[in-house]
1. Within segment 49-61, which residues are assigned to a loop (DSSP other than H, G, I, E, B), modelled with pLDDT of 95 or more and among the hydrophobic types (A, V, I, L, M, F, W, C)?
2. If you scan segment 31-45, which residues turn out to be surrounded by 19 or more Cβ atoms within 10 Å (Cβ to Cβ) and assigned to a helix (DSSP H, G or I)?
3. Just name the residue that is most open to solvent (accessible area, probe 1.4 Å) out of those in segment 2-12 that are of a type in the set (A, V, I, L, M, F, W, C) and in a helix (DSSP H, G or I).
4. Take the residues of segment 62-90 that are open to solvent by 80 Å² or more (accessible area, probe 1.4 Å) and not in a loop (DSSP other than H, G, I, E, B): which is farthest from L20 (Cα to Cα)?
5. If you take the residues in segment 13-30 that are in a loop (DSSP other than H, G, I, E, B) and either modelled with pLDDT under 95 or of a type outside the set (G, A, S) (or both), which one is least open to solvent (accessible area, probe 1.4 Å)?
Amino acid sequence: MARLTPAEARERTDADAVLLDVREADAWAAGHASGAVHAPLSGLAAGAPLPPAAADRPLVVICRSGRRSREAAALLTARGLDAVDVVGGMTAWLAAGFAVTAEGTAG
């Protein structure tokens, strides 16, 4: 399975892919990559469909550290979807200086 650095992930999402954040709702609300779509791993593992904004698009999957995103990318790939994960997750995304949005804020 492919793994991308945050810079590679940003390039891919700027081109055609959707950044899919698989953390739970509390972590998502505390801060997520700007433009990301939320789909908790717990729901995906239970068979939940992808959000409409992510349907029929390549997926770049992110979590806090990269463990859950790797698991989610494997699960989505097994469903026949084009999914890769971000090495280092949101921790690496923040370290790269990329934009983050928290509940009730923009940017």
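1. L50
2. Within segment 31-45, L41, L44 qualify.
3. So, considering only residues that are of a type in the set (A, V, I, L, M, F, W, C) and in a helix (DSSP H, G or I), the one most open to solvent (accessible area, probe 1.4 Å) is A7.
4. A78
5. Checking each candidate, the answer is V22.
The values are calculated or read from the model by the stated rules, or taken from the named source; none is laboratory data. Quick caveat, the model's predicted, so the values are computed rather than measured. Cβ atoms come from the backbone with ideal geometry, glycine included; neighbour counts cover every protein chain shown. Accessible surface is based on the protein model in full, side chains and every heavy atom, while ligands, DNA and RNA are left aside. Shrake-Rupley method; radii C 1.70, N 1.55, O 1.52, S 1.80 Å.
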